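Novice: Quick one: this structure, given as structure tokens, is what I'll be asking you about.
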Amino acid sequence: MNGPFSPRVVLSGDHRGTALRQVLAEWCCDRGLAVEDVGPPPRSPSVDYPDEALSVAQAVAAGEADLGILVCGSGIGVSIAANKVAGVRAALIHDPLSAALARRHNDANVLCFGAGIIGPEMAVAALQAYLEASFEGGRHARRLEKIAALEQREPGREREGEEE
């Protein structure tokens, strides 16, 4: 793909991620991206990040959105939860380089941010770097095929072809 990626975006996160999530949603809207914020409203009581991660991950896996953005305190919890959904490649983002590599090498479709780790300016710069990057394919596509195959394996199987 040439040029910036212009995805349909769905966002959510827990109560600790609300402010940063709003900054990212507004930035996307200002650039004409289709945005759906399904997260809790400002000043909402505590919510559980796995529930919020699941809603975004399912929307991306179902093709209802091209890109998911999740924000919690550290970004770790939402990334772990989102990656439990088949077809989701959630990446924990700390800066523009990690965001660009998540796109170029992993074709990540969910970006996870830690509101207590990354500030709004850095998060916006990272999101912009992701959108301006393109998946490189080649050896990276082969690796993504292997990741997709892992999603299809039965729990407890350590190696492909291993018999019980």
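Novice: So what's segment 46-114 giving for Rg/Rh, alpha carbon basis, Kirkwood Rh from the mean inverse pair distance?
Specialist: Rg divided by Rh gives 0.95.
Novice: Looking at segment 89-156, which trypsin sites (Lys or Arg not before Pro) are in a loop (DSSP not H, G, I, E or B) and have at most 13 other Cβ atoms within 10 Å?
Specialist: Those satisfying the criteria are R153.
Novice: Work out, step by step, the length gained on full extension between A149 and A125: first 0.36 nm times the residue separation, then minus their alpha carbon distance; give nm to one decimal.
Specialist: Gain on stretching A149 to A125: 5.4 nm.
Novice: Another question about this same structure. Taking the Cα centre as origin and putting +1 on Lys and Arg beta-carbons and -1 on Asp and Glu beta-carbons, what dipole magnitude results for segment 8-152, to the nearest 20 debye?
Specialist: The dipole magnitude comes to about 440 debye.
Novice: State to the nearest 20 debye the size of the charge dipole of segment 27-101 about its Cα centre, where the only charges are +1 on K and R beta carbons and -1 on D and E beta carbons.
Specialist: Value, rounded to 20: 160 debye.
Novice: Ok, one more. Springs between alpha-carbon pairs under 10 angstrom, Gaussian network model over the chain: which of G137, G68, G17 fluctuates most?
Specialist: G137
Novice: Still on this model: Would you mind putting 106-119, 30-43 in packing order, based on average other-beta-carbon counts within 10 Å, highest first?
Specialist: 106-119, 30-43
Novice: For the chain, what Kirkwood radius comes out of the mean inverse Cα-Cα distance, in Å?
Specialist: One over the average 1/r among Cα pairs gives 16.0 Å for the chain.
Novice: Continuing with this model, one more query. Can you pull out the GluC sites (Glu not before Pro) in segment 63-156 whose DSSP state is coil and whose Cβ has at most 16 other Cβ atoms within 10 Å?
Specialist: E64, E136
No lab work stands behind these numbers, since they all come straight from the coordinates. As the structure is a computational prediction, the values presented were derived from the model and not from experiment. When we count neighbours, we look across all protein chains shown, and the Cβ atoms used for this are built from the backbone with ideal geometry, even at glycine.
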